[in-house]
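Every number in this text was worked out from the coordinates using simple rules, so none of it is lab data. Since we're looking at a predicted model, the values are computed, not measured. Cβ sites come from the backbone with ideal geometry, for glycine too, and all protein chains shown count toward neighbours.
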Amino acid sequence: MKTSVIGYPRIGDLRELKFALEAYFRKELPLGELEATAKKLRRHNWELQKQAGIDLIPSNDFSFYDNLLDTAYMLGIVPKRYQELGLSPLDTYFSMARGYQGESGDVKALGMKKWFNTNYHYMVPEIDDSCCIALKGRKPFEEFLEARELGIETKPVIIGAYTLLKLARFTGRKRAEDVKGCVAEAYKEILKQFKELGAVWIQLEEPALVQDMSEEDIWLFEELYREILREKDSLKVLLQTYYGDVRDCYQRLAALPFDGIGLDFVEGRRSLDLLEAYGFPEDKLLFAGLVNGKNIWKNNYEKTLTAVDRILKAAKNVVLSSSCSLLHVPCTLRNETRLTQSYKGYLAFAEEKLWELRDLKAVLGSDSPLLHDAYQENTALFRQERCGCKEEVRSRLESLTDKDFTRLPAFEEREKIQKQAFHLPLLPITTIGSFPQTKEVRANRFAFKKGEIGEEQYKEYNRKKIKECIRLQEQTGLDVLVHGEYERNDMVEYFGECLDGFLFTDKAWVQSYGTRCVKPPIVWGDISRSRPMTVEYSVYAQSLTDRPVKGMLTGPVTILNWSFPREDISLKECAFQIGLAIRDEVLELEANGIRMIQIDEAALREKLPLRRQDWHEEYLDWAIPAFRLVHSGVRPETQIHTHMCYSEFGAIIKDIDDMDADVITFEASRSDLTILDDLKACGFRTQVGPGVYDIHSPRIPSVEELLIALEKMLEKLPAEKLWVNPDCGLKTREEKESWISLKHMAEAACLARRSLRE
Ligand code: GLN
Ligand code: ZN
């Protein structure tokens with residue numbers, strides 16, 4: 001059985017590409033050196049895959065910023081405003097990715113969005129009416145030839161026409177229908193040129209097929225490919241899907257003249273059923289995605305072999321593949337020096353997944369697979385009792401009943417009690433939690449981490465900052481204060497480090513977008529809390545003022561969504577474990593006199609399944625209860641806040657109301673305010689603080705524009721329900737600009753209050 005890899009991480013084992021790009025952006029690295037770094041990384045990746053005996057090694061999976069942007073750029077989908085800058089080809093590309101501000105002009109970047117159900121973000125291609133789509137770039141061919149020069153024959157990979165059109169934004173009158181002809185022509189040309197170069201396989205990636213498809217969508221897909229495949233001749237075309245199953249179009253897809261079809265058997269819950277129900281065409285190769293491209297755990301060979309058995313009953317010709325690009329996992333375990341072998345033995349990052357494909361190929365090819373060394377070793381690992389199980393956590397979970405998920409009294413009654421308890425003015429003014437992480441704030445934390453200063457000195461500095469922050473918030477006229485989160489850099493990392501059950505890596509970075517990488521903690525064992533995590537600073541902050549100070553926590557769903565989850569227990573169970581730990585913190589904050597507690601669920605929206613049908617059963621049915629579990633134990637007069645980063649939750653408003661928080665703040669300043677109409681339409685009862693200004697930009701909003709924003713909100717929401725706050729935390733901003741912006745915001749709120757009274 002042959003092996004195939006869909007794509008490999010390009011950022012480099014030590015984030016070499018990130019650093020080279022950033023130096024290039026700062027004009028500290030010449031283009032030649034940037035290109036040399038890129039070339040070295042590509043070579044490293046190809047050679048590694050060759051060593052692992054991978055039969056179908058990808059090329060063109062490399063990108064300086066984003067593969068969808070590469071695809072758009074290659075097809076000439078470059079809006080005028082970028083062309084008009086008159087920059088070099090590569091700098092034009094970067095201007096689309098990052099915006100440009102300089103001698104040649106001033107343009108914003110293209111929009112950026114989450115790539116399907118991953119933490120990776122793509123640049124949104126913009127197609128306007130004047131756009132003339134045709135093959136213009138050479139990148140895939142150049143990289144294919146570059147590999148060939150190294151003696152490695154690769155399978156070029158390109159995002160397919162359907163996914164491109166589904167993700168693009170049409171800014172003029174034209175729609176996908178109107179451009180599909182040129183797009184198909186361009187892809188035909190790509191196929192033709194690869195055929196001339198003597199490529200054997202080409203991989204066209206169509207992850208958009210795993211989303212809900214309408215009949216029109218299927219038509220569009222079919223029409224595109226009938227045309228694209230028309231003259232492919234001897235070139236073999238692999239239609240690669242991932243992140244789910246193709247239940248809406250399986251049979252129609254199978255009927256098209258592809259040479260190979262790649263299905264995901266990890267996330268595609270119905271992939272096997274589809275095969276078994278409808279069979280698989282005998283003249284095609286099935287690329288079976290069985291090595292998880294998203295998680296960092298070793299593959300369970302026993303399970304994989306069982307799946308292969310079933311797959312082979314339906315399909316004759318099978319290639320073993322990763323389930324998606326390995327872009328979503330860190331590069332290699334080799335640089336993890338802190339983790340002991342007892343942990344590393346369970347892990348497989350991108351490089352180790354290559355060895356798994358090699359092992360599985362050997363096992364499957366041997367006469368008695370079950371006796372193969374690699375198989376035996378692997379099954380022994382999975383039979384072994386894994387440390388990290390905590391009886392007390394398990395039994396606590398088992399004894400949960402409905403009562404633990406239900407806060408009493410009901411919302412309306414609490415709202416009354418809290419109005420009396422807090423006596424807040426109309427349109428209460430607050431912030432989301434963090435205040436600027438200045439150089440000194442970071443330096444203090446690093447010095448403590450490195451052992452250069454002692455704990456007392458470290459805390460003393462934080463207390464000084466908290467005191468300053470409280471004073472300034474009072475002077476600025478805020479009603480509900482925060483301590484400022486000076487002790488945290490990344491919130492998930494912070495709570496992960498405070499809780500028991502997480503593992504931390506040194507170099508396990510994953511690309512989030514462009515040059516930005518994240519280092520998610522790993523959920524290793526049962527999660528528990530052995531000590532208070534935030535009580536000390538919150539209590540200190542509250543002792544400095546008569547106004548309420550919000551306790552500041554991160555919710556279980558967000559902690560889980562921004563970590564690598566376990567696979568030996570369900571996500572639900574894991575979320576509930578984290579929920580119980582945070583619940584203990586909530587109750588301890590309350591017991592120590594904290595009367596308002598914010599539990600951020602910044603990432604709640606992120607892991608919503610791709611198919612609407614799965615939203616509740618697979619996700620919301622446990623995610624919302626996990627949040628309720630955290631706060632159901634507080635007294636009626638304790639006010640629970642939550643915060644979400646995306647306002648794109650139109651379709652799940654009811655579920656968000658069901659979180660049963662008392663107040664929710666969310667990002668709204670960059671979106672149109674239709675969300676407020678939605679809130680009104682569904683009778684949203686939670687009090688809301690739609691962000692009145694954008695904290696992602698250093699711009700200081702004027703009092704007038706903030707007042708206008710508030711007035712617009714007041715047209716849609718009753719004044720009794722409305723809070724006034726920025727979009728999100730201020731940690732990435734400068735101190736000076738933040739205080740001026742907040743001052744303006746408070747002034748605008750006072751003006752709005754005055755006109756309400758009149
Ligand atoms: N309380 C957090 C902060 O202010 C929330 C961060 C977030 O939403 N990403 O930084
Ligand atoms: Zn936020």
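Observations, loosely collected:
- Cα-Cα separations in the range 291-398 greater than 18 Å, expressed as whole percent: 57 percent
- Nearest-ten-degree value, helix 455-476 long axis tilted from longest Cα axis of the chain: 70 degrees
- In plain terms, if you count all Cα to Cα distances in the range 604-649 and split them into 10 Å steps from zero, the share in each step is 22, 44, 27, 7 percent.
- ³J(HN,Hα) computed for each position of the range 608-613 - Karplus, 6.51 cos²θ - 1.76 cosθ + 1.60, integer Hz, glycine/proline x: 4, x, 5, 9, 4, 3
- Cα-projected label distance for residue 719 with residue 703, points at 7 Å along beta-carbon direction, nm: 1.9 nm
- Across the range 615-693, C-alpha contacts under 8 Å between residues 6 or more apart give a mean separation that, scaled by the residue count, equals a relative contact order of 31 percent.
- For the chain, the relative contact order comes to 11 percent (Cα pairs under 8 Å, sequence separation of at least 6).
- Paramagnetic reach from residue 88 in the range 31-50 [backbone N under 15 Å; point 7 Å along Cα→Cβ]: 31-39
- Helical mean residue ellipticity (222 nm; -39500 (n - 2.57) per DSSP H run of 4+; nearest 500) of the chain: -13000 deg cm²/dmol
- Within the range 59-86: backbone nitrogen closer than 14 Å to the residue 31 label point (7 Å, Cα to C-beta): 86
- Loop-resident GluC sites (Glu not before Pro) (DSSP state other than H, G, I, E or B) in the range 220-290 with no more than 12 further Cβ atoms inside 10 Å of their Cβ: 231, 282.
- Contour excess over end-to-end distance, with Cα ends at residue 621 and residue 222 and 0.36 nm allotted per residue: 140.1 nm
- Hydrodynamic estimate: the Kirkwood radius of the range 56-109 over Cα pairs, inserted into Stokes-Einstein at 25 °C and 0.890 mPa s, corresponds to D of 209 µm²/s.
- Global form of the range 94-229, assessed from the alpha-carbon gyration tensor, a/c cut-off 1.5: oblate
- Paramagnetic label reach from residue 150 (point 7 Å along Cα→Cβ; backbone nitrogen cut-off under 15 Å): within the range 349-383, residues 351.
- Under 5 Å from the amide H of residue 696 lies no amide H of any residue 5 or more positions distant or on a separate chain, with H modelled from the backbone and absent for Pro and chain starts.
- Amide proton proximity set for residue 61, modelled H, under 5 Å, gap of 5+: 157
- Three-way shape call for the range 469-620 based on the alpha-carbon gyration tensor, with the a/c threshold at 1.5: prolate
- Look at the dipole of the range 124-202 built from charges on Cβ: of 125, 172, 161, the Cα furthest out on the positive end belongs to 172.
- Among 543-549, 525-531, sorting by the average number of other beta carbon atoms lying within 10 angstrom of each residue, highest first, gives 525-531, 543-549.
- Distant-in-sequence amide contacts of residue 205, defined by a placed amide H-H separation under 5 Å and a gap of 5 or more residues or a different chain, comprise 158, 159, 160, 240.
- Computed on the range 648-708, the Cα convex hull volume stands at 95 Å³ per residue.
- Checking the cross-link pairs 195/236; 353/507; 114/712 against a 19 Å limit on the alpha carbon distance flags 114/712 as lying beyond it.
- Length available on full extension from residue 500 to residue 651: 0.36 nm per residue minus the Cα-Cα distance, which gives 50.8 nm.
- Anisotropy class of the range 490-541 from Cα gyration tensor, a/c 1.5 cut: oblate
- Multiplying each eigenvalue of the alpha-carbon gyration tensor of the range 145-302 by 5 and taking the square root yields semi-axes of 24, 22, 16 Å, largest first, rounded to whole angstroms.
- Here is the P(r) of the range 19-146: all C-alpha pair distances, binned every 5 Å from 0, give 2, 9, 17, 20, 20, 17, 9, 4, 2, 1 in whole percents.
- Square roots of 5 times each gyration tensor eigenvalue, C-alpha, the chain, largest first, Å: 45, 31, 26
- Magnitude of the charge dipole for the range 68-184, about its Cα centre and with charges confined to Cβ atoms of Lys, Arg (+1) and Asp, Glu (-1), is about 520 debye.
- Protection proxy ranking of 736-745, 486-495, 576-585, 193-202 - average other beta-carbon atoms within 10 Å, highest first: 576-585, 486-495, 736-745, 193-202
- Residues residue 341 and residue 101, FRET efficiency given R0 of 45 Å [Cβ-Cβ distance, rounded to 0.05]: 0.35
- Rounded FRET efficiency, nearest 0.05, which uses the C-beta distance separating residue 316 from residue 614 and R0 of 45 Å: 0.90
- Neighbour cut-off at most 12 other Cβ (10 Å), DSSP loop, GluC sites (Glu not before Pro), the range 619-676: none
- Per-residue Karplus couplings for the range 103-112, computed as 6.51 cos²θ - 1.76 cosθ + 1.60 with θ equal to phi - 60°, are listed in order as 4, 8, x, 8, 10, 7, 6, 5, x, 10 Hz, Gly and Pro entered as x.
- DSSP beta bridges fully contained in the chain are about 20 percent antiparallel.
- The 3J(HN,Hα) values that the Karplus relation (6.51, -1.76, 1.60; θ = phi - 60°) gives for the range 616-627 are, in residue order, 7, 4, 8, 9, 4, 5, 10, 5, 5, x, 4, 5 Hz. Gly and Pro appear as x.
- With the simple spin-label model, which puts each label point 7 Å out from Cα in the Cβ direction, the residue 251 to residue 740 separation comes to 6.5 nm.
- At R0 = 35 Å, FRET efficiency that the Cβ-Cβ distance of residue 592 and residue 685 yields, to 0.05: 0.75
- Largest-first principal axis extents, alpha carbons of the range 376-449, Å: 68, 46, 19
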